[in-house]
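Encoded as structure tokens, the structure appears first; notes follow it.
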Amino acid sequence: MDKRETVIVLDFGGQYNQLVARRVRECHVYCEIYSYKTDIAKIKAMAPKGIILTGGPNSCYEEGAPTYNKELFELGIPVLGLCYGAQLMQHILGGKVERADKREYGKTEISVDTSSALFTDVSPNTTCWMSHFDYISRLAEGFVCVAHSADCPVAACEDSDRKLYGIQFHPEVLHTPEGTKMLYNFVRGVCGCAGDWKMDSFVEQSIRTIREKVGDGKVLCALSGGVDSSVAAVLLSKAVGDQLTCVFVDHGLLRKNEGDEVEAVFGPSGNYNLNFIRVNAQQRFYSKLAGVTEPERKRKIIGEEFIRVFEEEAKKIGAVDFLVQGTIYPDVVESGLGGESAVIKSHHNVGGLPDYVDFKEIIEPLRDLFKDEVRKAGLELGLPDYLVFRQPFPGPGLGIRIIGEVTEEKVRIVQDADFIYREEIAKAGLDGDINQYFAALTNMRSVGVMGDERTYDYAVVLRAVRTIDFMTAEAAQVPYEVLNRVMNRIINEVRGVNRVMYDLTSKPPGTIEFE
């Protein structure tokens with residue numbers, strides 16, 4: 001791929017690290033996340049236009065706390081520290097950081113110096129999101145304070161000569177309304193980035209790069225029918241044409257009727273020339289998952305079985321060189337392969353890969369993209385809106401929307417309940433306002449009464465969230481009458497269910513999926 005200007009995020013364990021990268025990309029500047037353990041020589045070799053240090057849960061003055069080489073601040077590359085990153089910058093360069101008398105948490109009014117490059121076009125008094133126990137009690141030499149709040153004497157600081165900046169709050173979250181403007185000021189103003197990271201150039205560059213890599217080799221694409229794999233498949237089709245074969249594995253863990261719907265779109269009668277093969281492997285997956293209850297183990301089994309099916313199909317096709325997967329950037333980071341944050345869960349197409357895969361190479365053309373960027377790429381490739389904006393669906397499918405052991409009977413229950421839920425949401429005209437919604441099956445059974453008889457059946461949980469980037473999310477406020485209608489239908493129409501609940505949990509502390 002052509003050399004592109006890049007801002008790198010050094011992750012010190014902050015929960016918002018992916019959000020920082022997303023906000024930078026909203027400024028049309030490419031951004032990647034790396035662990036704070038990344039060697040200084042590697043950073044120099046990348047020649048980034050700017051460096052951002054994330055927040056983190058530690059106190060920078062404590063023994064063993066994450067730190068970095070002082071040389072980072074002497075490279076002549078602009079550096080912006082956020083929260084822990086701001087404190088660490090001061091600690092390393094000779095300032096002082098101490099424990100505050102009280103924690104500052106939540107929405108806070110701050111006063112900013114609008115003459116600072118960080119706060120160009122920002123309101124003199126603006127709201128931000130604070131989350132810290134420590135505070136900067138003395139600035140390092142050369143730094144001046146450019147923002148403060150009632151309880152935080154240094155809410156932001158700068159040494160403009162050296163292009164070093166620190167912000168004590170979190171500009172990347174939506175609770176800081178002018179935060180994206182501040183990050184824009186840093187990456188476009190201070191760092192001088194041109195802002196040429198756009199989907200049209202990404203698509204063109206990707207097609208060119210894939211063509212060069214593949215040559216006259218054969219390519220096998222894992223097509224689930226979801227947004228990510230569909231965009232990956234069409235991107236590969238544009239790059240290599242008939243050299244691509246798309247294999248759709250119906251593992252029995254799809255939404256109701258979805259296997260047939262995917263075949264209708266991508267199969268021989270569809271609009272795409274993808275050499276489409278459908279493999280019905282439902283019983284194979286059910287038998288592998290029998291008795292397995294631990295979420296990570298389920299993900300690993302589903303991921304490995306996917307690969308084995310692909311290998312078998314590849315052998316039938318003969319001498320396939322490359323495997324394509326729709327891995328996206330949050331998959332990489334959440335699987336512990338990006339920054340420094342903890343492994344949240346293995347994604348079947350990243351952390352769930354087996355040690356041995358019988359292909360020359362795996363191609364992941366969307367690996368650098370967030371979900372909304374994938375959708376933009378899909379539109380750029382000419383995919384229809386209904387496909388690009390369809391509900392997200394995880395690779396392991398209903399396997400992670402069924403708590404505990406996966407059985408054919410449980411799959412039927414959750415498929416039917418989910419179908420009713422999605423149908424009623426659409427009827428109510430709410431599908432455009434909710435970013436993701438689905439029914440999941442708990443492992444809980446409880447006593448109920450139906451037709452004057454005692455029942456002992458499962459509880460279904462309904463989930464609906466609103467989100468911009470799927471990194472954080474809030475439960476959607478679905479009207480009670482809609483939820484009530486869904487509950488009535490599920491209990492009356494789905495055999496084996498006698499209780500329906502609604503999940504109010506945000507992300508964090510929960511995840512969007514259940515497992």
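The values are calculated or read from the model by the stated rules, or taken from the named source; none is laboratory data. Everything quoted here is computed from the prediction, not taken from an experiment. In this analysis, Cβ positions are derived from the backbone assuming ideal geometry, glycine residues included, and neighbour counts consider all displayed protein chains. These accessible areas exclude ligands, DNA and RNA; they are computed on the full protein's heavy atoms, side chains included. Shrake-Rupley method; radii C 1.70, N 1.55, O 1.52, S 1.80 Å.
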- Note on the structure: Scanning region 430-467 residue by residue, those open to solvent by 60 Å² or more (accessible area, probe 1.4 Å) and within 18 Å of Leu398 (Cα to Cα) turn out to be Asn443, Met444
- Selected residue [farther than 28 Å from Arg4 by Cα and touching a strand residue (DSSP E or B) at 6+ places or on another chain (Cβ under 8 Å)] from Gly85, Gly95: Gly95
- Residue selected from region 186-205 under the condition of a type outside the set (A, V, I, L, M) and modelled with pLDDT under 90, by the criterion farthest from Val7 (Cα to Cα): Glu204
- Taking region 483-513 on its own, how many of its residues are within 30 Å of Lys376 (Cβ to Cβ), surrounded by fewer than 18 Cβ atoms within 10 Å (Cβ to Cβ) and in contact (Cβ under 8 Å) with a residue 24 or more places away in the chain? 6
- Query: Of all the helices (runs of 4 or more DSSP H) wholly in region 1-114, which have at least 3 residues that are among the hydrophobic types (A, V, I, L, M, F, W, C) and surrounded by fewer than 23 Cβ atoms within 10 Å (Cβ to Cβ)?
  - Reply: 40-46
- Message: Can you pull out every residue in region 279-295 that is open to solvent by 70 Å² or more (accessible area, probe 1.4 Å) and within 16 Å of Arg401 (Cβ to Cβ)?
- Response: Thr293, Glu294
- Query: In region 356-399, what count of residues is obtained for those that are of a type in the set (Phe, Trp, Tyr) and touching a Ser or Thr at 6+ places or on another chain (Cβ under 9 Å)?
  - Reply: 1
- Task: Looking only at region 115-125, count how many residues are buried (at least 20 other Cβ atoms within 10 Å of the Cβ) and either without any contact (Cβ under 8 Å) to a residue 60 or more places away in the chain or over 32 Å from the mean Cα position of the chain (by Cα) (or both).
- Result: 1
- Task: Looking only at region 468-482, count how many residues are over 30 Å from Gly14 (Cα atoms), outside any helix (DSSP H, G or I) and open to solvent by 30 Å² or more (accessible area, probe 1.4 Å).
- Result: 1
- Item | Filtered residue count, region 366-391, keeping only those that are closer than 23 Å to Cys31 by Cβ, open to solvent by 10 Å² or more (accessible area, probe 1.4 Å) and at pLDDT below 85 | 3
- Query: Residues in region 144-161 that are touching a strand residue (DSSP E or B) at 6+ places or on another chain (Cβ under 7 Å), of a type in the set (Asp, Glu) and at pLDDT 95 or above: how many?
  - Reply: 1
- Message: Just checking, does region 258-267 include any residue being touching a Cys at 6+ places or on another chain (Cβ under 9 Å) and either closer than 22 Å to Glu364 by Cα or open to solvent by 60 Å² or more (accessible area, probe 1.4 Å) (or both)?
- Response: yes
- Lone qualifier among Arg485, Arg445 - being more than 29 Å from Asp331 (Cβ to Cβ) and part of a strand (DSSP E or B): Arg445
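A quick yes/no check of all residues on (1) under 26 Å from Pro384 (Cβ atoms); (2) in contact (Cβ under 8 Å) with a residue 60 or more places away in the chain:
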residue	(1), (2)
Ser230	yes, yes
Phe248	yes, no
Asn273	yes, no
Gly303	no, yes
- Out of curiosity, is Phe514 among the aromatic types (Phe, Trp, Tyr) and modelled with pLDDT under 95? yes
- Query: Does Ala100 satisfy being in contact (Cβ under 8 Å) with a residue 12 or more places away in the chain, under 16 Å from Gly55 (Cβ atoms) and out of contact with any Lys or Arg (no Cβ under 9 Å at 6 or more places or on another chain)?
  - Reply: yes
- Query: Which number in (1) open to solvent by 10 Å² or more (accessible area, probe 1.4 Å); (2) in a helix (DSSP H, G or I); (3) within 28 Å of Tyr421 (Cβ to Cβ) marks the one condition that Lys238 misses?
  - Reply: (3)
- Message: Looking at region 378-395, can you tell me whether even one residue there is more than 30 Å from Lys213 (Cα to Cα), in a helix (DSSP H, G or I) and touching a His at 6+ places or on another chain (Cβ under 8 Å)?
- Response: no
- Note on the structure: Taking region 241-251 and keeping residues open to solvent by 10 Å² or more (accessible area, probe 1.4 Å) and closer than 13 Å to Phe322 by Cβ leaves Gln243, Thr245
- Item | Residues that are touching an Asp or Glu at 6+ places or on another chain (Cβ under 9 Å) and at pLDDT below 95, drawn from region 451-464 | none
- Those residues of region 106-157 which are in contact with a Pro (Cβ under 8 Å, 6 or more places away or on another chain) and not hydroxyl-bearing (Ser, Thr, Tyr) amount to Val112, Cys128, Ile136, Cys145
- Note on the structure: Residues in region 393-421 that are buried (at least 18 other Cβ atoms within 10 Å of the Cβ), touching a residue at least 60 places away in the same chain (Cβ under 8 Å) and of a type outside the set (Phe, Trp, Tyr) total 17
